[in-house]
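Working notes, beginning with the structure itself.
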Amino acid sequence: NSTIEQLPLMLQTLLIDRFGLKFHRETRETSAFVLMPAKNGSKLKATDEPVTGVGFSDAPNRGIRVGRNATLAALGEAIAPLMGRPVIDQTGLTGVYDISFEFERDSSAPGTAANLQQAIEDNLGLKLESRKVPIDVFVVDHIEKTPTEN
């Protein structure tokens, strides 16, 4: 009967107890994309619908469709793997938005997702700017290879 919010803490406790995990958090400066309003401003439409997160669907002959009711932080987390770096929301916009757009894969430039950047600017009125930013990281100091007995 655990909530989704409790799961990370439960997993952390398990790793500490069974694997002797020792860790710390620190801030490191790293390359990331910063999500910010584009020159002509945001085109986002706020919604009262419940947050469903960002989902991707691969449509034949149409590229990838992105859609759902989500926060901009959730959008950043969802597109980070496609961008190859963290995506940090610095739009200053809060709330839940109807985020929906399509983009074509850019096979000529792996890891850059140039078409995704253009789709975000054209459809959402947001831009992704490459910067060095401080990011909190989780650093593993020690972990045992074999867990302790139950």
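The values are calculated or read from the model by the stated rules, or taken from the named source; none is laboratory data. Quantities reported herein were computed from a predicted structural model and do not represent experimental measurements. Ideal geometry is used to build each Cβ from the backbone, glycine not excepted, and the neighbour counts take in all protein chains shown. Please note that ligands, DNA and RNA were not included when accessible areas were found on the heavy atoms of the full protein model with its side chains. Shrake-Rupley method; radii C 1.70, N 1.55, O 1.52, S 1.80 Å.
Here are some notes:
- Filter result for residue 48 (at pLDDT below 90, acidic (Asp, Glu) and open to solvent by 60 Å² or more (accessible area, probe 1.4 Å)): yes
- Test: residue 113 is modelled with pLDDT of 90 or more, closer than 28 Å to residue 46 by Cβ and of a type in the set (Gly, Ala, Ser): no
- Among residues of the range 44-57 that are in contact (Cβ under 8 Å) with a residue 12 or more places away in the chain and closer than 11 Å to residue 68 by Cα, those with a Cβ under 7 angstrom from a residue that is open to solvent by 90 Å² or more (accessible area, probe 1.4 Å) and in a strand (DSSP E or B), sequence gap 6+ or separate chain, pair up as 52/68; 53/68; 54/68; 55/68.
- Single unsatisfied condition, residue 83 versus (1) farther than 15 Å from residue 116 by Cβ; (2) modelled with pLDDT under 90: (1)
- Breaking point among (1) open to solvent by less than 20 Å² (accessible area, probe 1.4 Å); (2) among the small types (Gly, Ala, Ser); (3) at pLDDT below 85, for residue 76: (3)
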